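Reading through the C-alpha cells given below for one structure.
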Amino acid sequence: MPAFSLEPEQTAWCAELRALAAARLRPLADRGEPGHVNRPLLAELGRLGLLERLFTSGALDLCLMRESLAQACTEAETALALQGLGAHPVHAHGSPAQRGHWLPKVAAGSAVAAFALSEPGAGSDAAALSLAAQPDGTGGTRGWRLTGEKCWISNAPEADFYTVFARTTPGAGARGVTAFLVPADRPGLTGTALEMLSPHPIGALAFDAVPVTADDVLGERDRGFAVAMGTLNLFRPSVGAFAVGMAQAALEATVDHTRRRQAFRGTLKDLQAVAHQVAEMALRTEAARLMVYAAATAYDQGAPGVPGRAAMAKLLATETAQYVVDAAVQLHGARALRRGHLLEHLYREVRAPRVYEGASEVQRGIIAKELYATAHDQEAR
C-alpha cells in the first residue's frame, strides 16, 4: 500500500464537517434524551446530505465522515453510523422494492434503521446464532416464522426496521443463515430497552412467530452470513475512524491544557514526563489514523485481505483511543471527571467500540486466521 495522504479537497471537506457538527449538530445532540433516538438530529443529518452519502460514497469517505463528526459531536457520528450499519444490507442486497421504499427515508432521517445480529448466546460468534426461521406453509408465498431473541441491538426498540439474521437451515453453521428486512410493526415483534453505558438506545428484541416472506429476504436464502460479514468489513475500519476522532479530540484538549496549566514554576508542557506522554498520544493517534485510511482504501480498491485489514484497523484504533483518552484524563486531573467535561464524555464513549462489531479479541482471531490462510495458500503454490 503506498504512503497515504488526503487530497486538499478531502481535508477541506473534513474541516467543513467539523464546523457543521459544532454549529448545527452539537446543539441538537445536547437537547436529545439519552437512551433514545434523537430524531431531530437524524433529520438534520438528512438535510445536510450526510445520510445520503452513506449510499453514494466509499469506505474512505465513510471514515472521513465518522472521524470528523466524532471530533465535534459523537452523538451525530453514532446516529449516522447506525443508519449506515442498519441500512447498508438493504442498499447492497435489497430488491428494487426494498431499496425504493426504505433508502430514501433513511437518507432523509425519517426512518431509523438497525442491524440485528447479536443474540444472548451468539454475540461475536455470529455463526452460532439461533433465531429460528421456521417454514410457514400458509398463504401462496413461501414464508417463514421467526422465533427467538436478539440482544444488544443499537437503536432497538425504537427503530422503524431491522436487518435481521436468522437460521433457515438448522445445523449448517454460517451456511444456514438468511438476512431479512423486518419492519418494526410486524406482528409478533416486540422490544425492550436495556440500560447500558451508551447515549443511544440499545435494546433486546423478541420474535414470537414473526411472519416473513421471500419478499423480505436480503440477498439469497442461506447466504446471510456473507451479508453480515460484508457489512462488517465495510464498517469496521470506520469504527476505527470514530475512535481516531475521539483520540484526536482528547489529544487537542490535552495540548491546549498542558501548554496553559501552571504547575511546578512553569507549565505542564515544560515537564519532560508530560511532554513525552503527549508525544506518545500523538504518535499512536496518527498511526491508527493511517491504518484506518489504508484499510478503507483497500476496501474501495477491492484489494486482497480486506477482512484482516479491517480487523487490524478497528483493533489498533479502538485500543489506541482508549489509551489516549485515559492519558488525557490523567493529565487533566480531577477537572476531566466533572460531569459535562469533554473528557468525561469521551471517557464514557470510548469503551464500547472495543466490544461492538467484534471485540478486540475477535479482531485478533480474524487477523491470525488471515495470516495462516495466506501462508497455507503460498505453500500450496
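None of the figures in this text is laboratory data; all of them are computed from the coordinates on show. Computed from a predicted model, the values in this text were never measured in an experiment. All Cβ positions, even for glycine, are placed from backbone atoms using ideal geometry, and neighbour counts span all protein chains on display.
Brief remarks on what is shown
- Cα shape, the range 15-64, gyration tensor, a/c 1.5 rule: prolate
- Label-zone membership for the range 203-242, site MET196, 7 angstrom Cα→C-beta point, backbone N under 12 Å: 203-205
- Over the chain, DSSP H runs of length four or greater, each weighted -39,500 (n - 2.57), average out per residue to a 222 nm ellipticity of -17500 deg cm²/dmol.
- Sparsely packed loop sites in the range 219-272 (the chymotrypsin sites (Phe, Trp or Tyr not before Pro) outside DSSP H, G, I, E and B with at most 16 other Cβ atoms within 10 Å) comprise PHE264.
- Here the Gaussian network model covers the chain, with springs between Cα atoms less than 10 Å apart; of VAL90, VAL278, VAL112, VAL278 fluctuates the most.
- Degrees, to the nearest 10: 74-93 long Cα axis against longest axis of the chain: 30 degrees
- Look at the Cα gyration tensor of the range 101-235: its axes a ≥ b ≥ c give a/c under 1.5, and that counts as rounded.
- Summing charges over all other residues whose Cβ lies under 12 Å from the Cβ of TRP13, with Lys and Arg as +1 and Asp and Glu as -1, gives -3.
- Check: the range 226-380 dipole with +1 on Lys, Arg Cβ and -1 on Asp, Glu Cβ, in debye: 760 debye
- Local electrostatic count at ALA193 - Lys and Arg +1, Asp and Glu -1, tallied over other residues with Cβ under 15 Å: -3
- Within the shell defined by Cβ-Cβ distances under 9 Å, the residues around PRO237 carry a net charge of +3, with Lys and Arg each +1 and Asp and Glu each -1.
- Under a model in which nothing but the beta-carbon of Lys, Arg (+1) and Asp, Glu (-1) is charged, the range 3-145 shows a dipole of about 460 debye around its Cα centre.
- The chain: most fluctuating residue of GLY240, GLY100, GLY86 per GNM, C-alpha cutoff 10 Å: GLY100
- Dipole orientation for the chain: of the candidates PHE225, HIS200, GLN98, HIS200 has the Cα lying most toward the positive pole (charges on Cβ; Lys, Arg +1; Asp, Glu -1).
- Nearest-ten-degree value, helix 96-108 long axis tilted from longest Cα axis of the chain: 30 degrees
- Rounded to whole numbers, the Karplus 3J(HN,Hα) couplings from phi for the range 62-73 are 4, 5, 5, 4, 5, 5, 5, 5, 4, 5, 10, 7 Hz, using 6.51 cos²θ - 1.76 cosθ + 1.60 with θ = phi - 60°, and x at Gly and Pro.
- Of the GluC sites (Glu not before Pro) found in the range 183-267, the ones in coil according to DSSP and having at most 10 other Cβ atoms within 10 Å of their Cβ are GLU195.
- Overall form of the chain per C-alpha gyration tensor (a/c, 1.5; a/b vs b/c): prolate
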